[in-house]
Amino acid sequence: MSATAGNASGAGAGAEVIAGLARLPGGCELLALATEREDVALVGGAVRDLLLVRTPRELDVVVDGAAAAFAQELAGALAALGGGAPSSTGHQRFGTALVVWEGGRIDIAERRAESYPSPGALPEVRAGTLEEDLARRDFTVNAIAVPLSGRLAGELLCAEHAQEDLREGRLRVLHEGSFLDDPTRLLRLARYSARLGFKAEPRTAELASEALATGALDTVSRARIGAELRLALAESDAVAALGAISELGALTAIERRLRLDESLARRALALLPADGRPDLLLMASLLLPLSIDPDEDPEPVMFELLDGLEFTAGDRECVMRTALVAPGLFKELSLAAKPSEMHEALSAHTIEAIALGGAMGEGTSSVTAEAEIWFERLRHVHLEITGQDLLDAGIPAGPQVGWRLTHALARKLDGELGGGREAEITAALELDVR
Ligand code: CTP
């Protein structure tokens, strides 16, 4: 495949990209630095998004070499703007660097050519031309660049079909072996199709099905699949991204029992308060068929899956506790008659589990409404007094301090106490612990 220099429309489109870039945070600084050298080009998703009049999530830039030095210069130029200090980090081994500041993020990579020693393996990399750098990419709409400096400054360079595919909303791989070289592109295909509303071009759809059918995803490390799955979970419409992954057949290729119930997932997300983690809730929802499988202990299976996918220990715990508990919470919620009973049923659980359990009750009971009441009101109810107040009132140290506090909180939750500390202390002292 060769990248072709833009024609007249390519030049016009390139100018459009540069104008769009100048309006983005950090864009002017990047353009100014680029004019001092010959080799800087904006590439990939940033160019695609600017042409689609979407805001890129980050800027991707390639340079001829020394990505880390360019990142440092860029961070210096951005620091002059004031605000939070930009950080620049470089990975010499990969020839990449990253500049992050409060206004955004710029990824810098040394131009490279790649070849795959075997299907699913990490590519072998060497320095390459801009054309070679485009040729190593996943889809035509990402194999697109606008040099910001040098002889071709302002031209649009792209893989064959890139511009028509962008216009027509098509995802097309650059060559027949693309999904076998890098099967994570199967997940990327689904993620981009959901995000951009694009469709796989027929031959690409065929190649994706063939790759899945021949077990391509089994040739990639679970860690890389996990990284792609987390990108899908972080999409602004993550349910749509997972829906596309599921429809492609890639979800069950990761683990045969994973299932997406889109309607349940959306209801659960609607219940989840702002301090919850939508990504973990969604991951847990995919695991529900495992939770309710009577033939297998779900915990070790979930652990192995999430560990292999390299979820952090904290995230893994939250996903497991959510998936394991949500179905039972649904039952407990339907039995809880009073706020204090809801507290007893819910207070030890993740908010993701409560949202998922609450969503499972939709249409069958008042469970969803109860979860809502919990999130909006009851979980914020706390005692004003502490154990120390009870010790001061003459209660001996020991488990009864906790029992008494629990009793006072239950009465407060059920609306049986007047306001204030005195009422709480009286309620705590009234408990007969003999
Ligand atoms: N890429 C690829 N194959 C992969 C991962 C990435 O070919 N498995 C290429 C794509 O061409 C992509 C570029 O590397 O455009 C940068 O990757 P990434 O930042 O993930 O892609 P963006 O398109 O910039 O994605 P987003 O819009 O989600 O930031």
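Bear in mind that the values in this text are calculations on the coordinates, not laboratory data. Keep in mind it's a predicted model, so treat the numbers as computed, not measured. Here Cβ is always computed from backbone atoms with ideal geometry, including for glycine, and neighbour counts include all displayed protein chains.
Relative to the current alpha-carbon distance between Ser115 and Ala274, full extension at 0.36 nm per residue lengthens the span by 52.9 nm.
Straight-line cross-link partners of Lys412 among the aspartates and glutamates, defined as a Cα under 14 Å from its Cα and at least 8 positions apart when in the same chain: Glu341, Glu344, Glu384, Glu422, Glu424, Glu430.
By other beta-carbon atoms within 10 Å, ranking Asp432, Asp133, Asp64 with the fewest at the front produces Asp432, Asp64, Asp133. For the peptides 376-382, 271-277, residues were scored by their other Cβ atoms within 10 Å and the scores averaged per peptide; the highest-first order is 271-277, 376-382. With 0.36 nm allotted per residue and the present C-alpha distance subtracted, the Asp432-Leu378 stretch has 16.9 nm of extension available.
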